[in-house]
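To start, the structure itself, in structure tokens.
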Amino acid sequence: MKDAAITMYQYHAWANNTLLQHVKGLPDSVYREQITSSFPTLAHAFAHILAVDYSWLGIMEGTEMADSMIEGRAVEAAARELSLPELEERYAEVRHRFEAFLTGQADLDRTILVRNPYAGDRDTRLSEIVLQIVNHATYHRGNISTMLRQMGYASTMTEYALFWYADPAQVQA
């Protein structure tokens, strides 16, 4: 499962970057335009994805979920205020931390106890957490696509099947 989890994380990073690059090509005002949707702005949506990535990485590294969620809320609040290029840098930072963690793990099928303050305790494989991270962001990238359409802009494809054909240099970027 290690290779599959790493590939799924690479897809996740590629999809986030693909969508960020698309938004960077739109008028600057789009990023902070207020809209009645899943999130009030694209900045809020991108900040949320980033914060949840940070939270889950902390959990994978051994931080209790409740503490990691507190840190994630702080990351999210700060990320909402960043410019799009600054946010892109934060995404790159978390991607590098994830890649170091994932490639350094001998066993991504190792189980850790996740103490979810809302749902209870659960033994969870590290590889399952990677799939949760990917699934969570896929859902919110869909929100961003809908928000863009509500504002009169096209989105861009970030499907896993498209990732299969991506230039390897883009995947590692």
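The values are calculated or read from the model by the stated rules, or taken from the named source; none is laboratory data. What you see is a predicted model; the values in this text were computed from it and never measured. As a convention, Cβ positions derive from the backbone with ideal geometry for all residues, glycine included, and neighbour counts pool all protein chains shown.
Taken together, the criteria place Thr103 among residues that are over 17 Å from the mean Cα position of the chain (by Cα), within 24 Å of Glu61 (Cβ to Cβ) and modelled with pLDDT under 95.
Matching residues to (1) in contact with a helix residue (DSSP H, G or I) (Cβ under 6 Å, 6 or more places away or on another chain); (2) farther than 24 Å from Phe39 by Cβ:
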| site | (1), (2) |
| --- | --- |
| Glu64 | no, yes |
| Ala74 | no, no |
| Glu99 | no, yes |
| Gly104 | no, yes |
| Thr111 | no, yes |
| Val134 | yes, no |
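Looking across region 150-167 at every residue that is outside any loop (DSSP other than H, G, I, E, B) and of a type in the set (A, V, I, L, M), the one that is surrounded by the most Cβ atoms within 10 Å (Cβ to Cβ) is identified as Leu162. When region 69-107 is limited to residues that are small (Gly, Ala, Ser) and buried (at least 19 other Cβ atoms within 10 Å of the Cβ), the one that is farthest from Ser29 (Cα to Cα) turns out to be Gly72. Within region 32-68, the only residue that satisfies the criterion of being among the aromatic types (Phe, Trp, Tyr) and either in a loop (DSSP other than H, G, I, E, B) or over 15 Å from the mean Cα position of the chain (by Cα) (or both) is Phe39. Restricting Glu93, Glu86, Glu71 to residues that are within 19 Å of Ile144 (Cα to Cα), without any contact (Cβ under 8 Å) to a residue 40 or more places away in the chain and in a helix (DSSP H, G or I) narrows the list to Glu86.
The residue that is nearest to Ala51 (Cα to Cα), among those in region 105-134 that are in a loop (DSSP other than H, G, I, E, B) and without any contact (Cβ under 8 Å) to a residue 24 or more places away in the chain, is Tyr118. All of Ala137, Ala166 fail the test of being over 17 Å from Ala51 (Cβ atoms) and in contact (Cβ under 8 Å) with a residue 40 or more places away in the chain, apart from Ala166. Scanning region 1-20 for residues that are under 24 Å from Ala106 (Cα atoms), part of a helix (DSSP H, G or I) and of a type outside the set (Ser, Thr, Tyr) yields Lys2, Asp3, Ala4, Ala5, Ile6, Met8, Gln10, His12, Ala13, Trp14.
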